[in-house]
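*Asks:* Sending over a structure as C-alpha cells; questions will come in a sec.
The values are calculated or read from the model by the stated rules, or taken from the named source; none is laboratory data. Because the structure is predicted, anything quoted here is derived from the model rather than measured. Every residue, glycine as well, gets a Cβ built from its backbone with ideal geometry; the counts of neighbours run over all protein chains shown. When the accessible area is computed, the model is the full protein with side chains, heavy atoms only, and any ligands, DNA or RNA have been set aside. Shrake-Rupley method; radii C 1.70, N 1.55, O 1.52, S 1.80 Å.
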Amino acid sequence: MIRLSGRLRSALIIGMQGIRSRKLRTLLSMVSLFLGVLAVVAVQAGSQIAEQAALGNIELLEGVDGTQMMYVSQNDKAPAVVLDALQGKQHAVALVGTRAFIGEPNVSPINKGGGPIDQGASGGYYCSGYSACSPDDNQAQGPPGKAVELSLTAMTGDNRQFQPFRLQSGRWLDFTSPASLAPRIVINTKAAEAFQRYQIPAQMRITGATADPTPQIIGVVDDGSGAPGAYVPYDELANWLPPGADTSLQVMTAPSETALLQTLKARLTAAGVPAGQLQVRTINSKAHVAEQLELMRLIFLGMAGLVLLIGVAGILNVGLATVGERVEEFALRRALGTPRLLLAGIVLAETLLTGLFTSMLAIGAGVLGLRAAGVLVGNSARFSFLHDLAFPWQAGAAGVAAGLIAGLLGGSIPALRAARIPIATVMRA
Amino acid sequence: MTEPLIRLSGVTKTLKGQEEPRTVLNGVDLSLYSGQSIAVLGRSGSGKSTLLSLIGLFDRPDQGQYLLRDNDITKISERRAAALRSSEFGFVFQRFFLLKHLTAAQNVAMALVNGQGWLPRRKRRAKVMTALEQVGVAHLAKHRPARLSGGEQQRVAIARALVRDPKILLADEPTGALDSETGNLVVEVLRSTTDRGCGLILVTHDRDHANKMGRVLHLADGVLGQVTA
C-alpha cells in the first residue's frame, strides 16, 4: 500500500474540502477545461485509430516491415529456378502474378483494365498486387458483357506470414493437397462485391492460357486492395499456364533469409537474368507511414494544445478569484502552523484534482463517442475499422496528462499568491 | 521561580505603511510563565495586536530579543516559525474565523491537518472531541458555524486553539464580538486553560475581563506598563 506523506495527505484532504465547498466554481473550471482535454483525447485517439487503420492496410498491401521482396524480371528460366530454390523453404514464398477474367468469354469486362468495380472501365491497363501490367489483350476487346477482370496471384506457399490477409469467409488456400484441375481460388472482398452485384458465369480466362478452367471460390479475404483480385496455389495455375506466359514474379522472404536470397540471386544470374534487374527491397512502409502520421498527430496536438490553453486560462481565472476570496482562510491556516509550501500545495491539489476529474470525464466522453461512432457508422464499409475498436490507452494517458498539466499550469500562479498571503491578515481583520 | 515560557527584552517594532513610519512597540519587556495569565489593555491602535503578532511569530521584531524557553527565536525562519506556531501556540481571534463550509469538528481539526505531522483519522477525531468537550460544545461537533451562536462559535475557535495542547494561548480581543454574559463565559473558559499549565495572554478592552487574569498590563505609546489597582 502506498503511504502518502502527511503534507501530501493534508493537501489532498483540504483540496477536496475546497472542491466540495465550491462546487459551482469547480464545475465552471471543468467546463472550460473539458473541451481542451477532450480535444487532446480526440486527437490522440484519432491518430491511434488512423494509425491502426492505415498500418493495417499497408501491411496487407506491402507486407510487414522487415520482409525482403525480390522482383524478378521476365525470363523463361526464372520461374523454374525460383521454384526449385524455394522448395521446402518455410519462410519464403514466390508470387506469380497474371490477369484473369471471370465471367462470359470474349466480352469486355465490367471493370475493363482491372480497376475497382465502381469506377467501371478505366481503360488502358491496371496494375494491382502482383498482376502483370500490360495493355488490354484481345479478350478484353469484345462487346461489353458480364465479366470481371481481376489480378490473379499464384503462390508457392502461404504468404500471410508476410501479408496478414484477413479471412472474411470460407477458408484460405491449402498448399498441401494435390492440385485440382478446377482451380481453388480465394478472392478478395472487392471481387466478392463484384460477384455479389452481377450474375456472372463461373468461367475463368487466364491471360496466356489456352483453355478456360472453372474456378472454385473457397474463401474471401480482405487484402487491402481496392480492385478485384484472386489467389491460387501455384500448382493449380501451372496446370493452365503455358511456359513463357506473360507473368510477373516476386519472392517474399523473412528478414532472416538473406542467404537464400543471395543463392537465388546467384542462380538467377547464372540462368541469364541480368544482375541489375534483380532488385531486393526491405519493406519498411509501416515505419514510413507512422512517421507521416506522427507529423499529422503533432500538428493536431498543437491545435488541441491551444484549446487546452483556454481551459488553463479558465482554471487560472477561477483559481485567482478563489484565492482572493479565501485570503482569510489561508492567513488563518498559516497562523495555525500550515507552512507556505503546503498552502501552495493545497491550491495546486485543488486544481490538479479538478484537472484529473475533468480528464476522467473527457476520457469517458471519448469512450462513449467511439462506441457511438462504432454503432452508427461501424457497419459501413468505409468505417468498418470502427467496429469493435477498443479505445486506445494512449488517448486515455494523454487525457490524464493534459488534465494534470492544465491543473498545474492553471494552479501555479494562484498557489504562489496563496503562499504569499501575509499572516497578519487575521490580526487586522 | 521556573524559567519563563517566553521572554521579550527591549522589543521594538516600527510599522512602515504608506504614511510616516510609526513605532508601535518601544523597548517592550515581557515574561510569561507556565500557568500564568496576563491581560494587556490599551487603546485601539496602541500596538496590542502587534505585540501579539510578534509573540505568535506572525512577525519579527526590529530590535530586541525574543526567547522561547531560553531559545533565541528573534530571527527565526518562517518554516521553523510555522512549526512552533503549530506546536507551542494556540490562537483565538476577535472574529472567530470558522470556515463556514466545515462543521465545528472539521474546523477544530484544521489545526491538526496542517502539514506538521500526521495523525490517523481516529486519533484526530478523539483529540477534536476532547478539545470540544473542554469548552463544552462537544454536542455541536457536527454543526456548521451558521447554526451556532456567537459564544458557541468562539468556544469552537478556542477548541481549535487547544486541540494541539499548546503551551501558550494568545487571545486577541476574543470577547469583542460577544455580549457581556457570553464574553464572561468565554473569558472563564480561556482562564481555565491556565489550570493545566498553559500560559495565557489576553488582549482586551474590557477591564472586567482583564481583572480576571493574574496580571494586568497596559500598553501606551509603545511602552508596556503594570496596571495598578
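*Asks:* Condition first: within 7 Å of chain B (Cβ to nearest Cβ) and aliphatic (A, V, I, L, M). Now tell me which residues in segment A:321-347 satisfy that.
*Replies:* Matches in segment A:321-347: A:332, A:335, A:336, A:342.
*Asks:* Select from segment A:354-366 the residues that are open to solvent by less than 30 Å² (accessible area, probe 1.4 Å) and closer than 12 Å to residue A:15 by Cβ and write down the one among them that is nearest to the chain's Cα centre (by Cα).
*Replies:* So the residue we want is A:355.
*Asks:* Does residue A:269 satisfy the condition of being assigned to a helix (DSSP H, G or I), open to solvent by less than 20 Å² (accessible area, probe 1.4 Å) and of a type in the set (Val, Ile, Thr)?
*Replies:* no
*Asks:* Looking at the structure I just gave you, is residue B:116 crowded, with 16+ Cβ neighbours inside 10 Å, facing chain A (nearest Cβ under 10 Å) and in a helix (DSSP H, G or I)?
*Replies:* no
*Asks:* Scan segment A:6-23 and report the pairs whose first residue is within 8 Å of chain B (Cβ to nearest Cβ) and whose second residue is β-branched (Val, Ile, Thr), with Cβ atoms within less than 6 Å and a gap of 6+ or a chain change.
*Replies:* What qualifies is A:10/B:113; A:11/A:346; A:13/B:113; A:14/A:346.
*Asks:* Checking the structure you have, find out if any residue of segment B:125-143 is within 13 Å of another protein chain (Cβ to nearest Cβ), touching a Ser or Thr at 6+ places or on another chain (Cβ under 9 Å) and closer than 18 Å to residue A:13 by Cβ.
*Replies:* There is no residue in segment B:125-143 that is within 13 Å of another protein chain (Cβ to nearest Cβ), touching a Ser or Thr at 6+ places or on another chain (Cβ under 9 Å) and closer than 18 Å to residue A:13 by Cβ.
*Asks:* Please identify the pairs in which a residue from segment A:83-108 that is closer than 21 Å to residue A:163 by Cβ and touching a residue at least 40 places away in the same chain (Cβ under 8 Å) has its Cβ atom under 9 Å from the Cβ atom of a residue that is charged (D, E, K, R) and open to solvent by less than 10 Å² (accessible area, probe 1.4 Å), counting only partners at least 6 apart or on another chain.
*Replies:* A:99/A:149; A:100/A:149
*Asks:* For residues in segment B:1-36 being farther than 16 Å from residue B:74 by Cα and basic (Lys, Arg), which is surrounded by the fewest Cβ atoms within 10 Å (Cβ to Cβ)?
*Replies:* B:16
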